[in-house]
Amino acid sequence: MFTVEIYKTDKRKKSGERLVSKTDYTTDNRSMLEHTVKHSTRASKGERYEIHATYVTKHSLMGGKEFQERYDTPYYCSPSSETYWSS
């Protein structure tokens, strides 16, 4: 499973670009997905894309068990961080 993020240049933003869309795909073939996205984005109009594996494997801080979470989970919301367990 992969997630595609499409960014567009935007001079109003400090980073110079903004996130336009984030879409999840259930394919296992990254090269085919990259080919499809490459031909559908408009690089000449200032768009770029990033492809991420949707789920990553991490270790829990307290139990040490492996678990999977989304790649874009904030650090403080992840059981692999100290801030998640402290309160």
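The values are calculated or read from the model by the stated rules, or taken from the named source; none is laboratory data. Remember, predicted model here, so these are calculated numbers, not experimental data. Positions of Cβ are backbone-derived with ideal geometry, glycine not excepted, and every protein chain shown enters the neighbour counts.
Observations on the structure shown:
- Selection from region 1-38 of residues that are of a type in the set (D, E, K, R) and more than 17 Å from residue 71 (Cα to Cα): 8, 10, 11, 12, 13, 14, 17, 18, 34, 38
- Considered as a group, the residues in region 32-62 that are more than 16 Å from residue 5 (Cα to Cα) and of a type in the set (Ser, Thr, Tyr) include one that is modelled with the highest pLDDT, and that residue is 57.
- Among residues that are touching a residue at least 60 places away in the same chain (Cβ under 8 Å) and not assigned by TED's automatic domain parsing to the domain that holds residue 1, residue 75 is not included.
- Residues of region 5-64 satisfying the condition of being in a helix (DSSP H, G or I), hydroxyl-bearing (Ser, Thr, Tyr) and surrounded by fewer than 10 Cβ atoms within 10 Å (Cβ to Cβ): 31, 44
- Taken over region 65-87, the criterion of being part of a loop (DSSP other than H, G, I, E, B) and surrounded by 14 or more Cβ atoms within 10 Å (Cβ to Cβ) is satisfied by 73, 78, 79, 80, 81.
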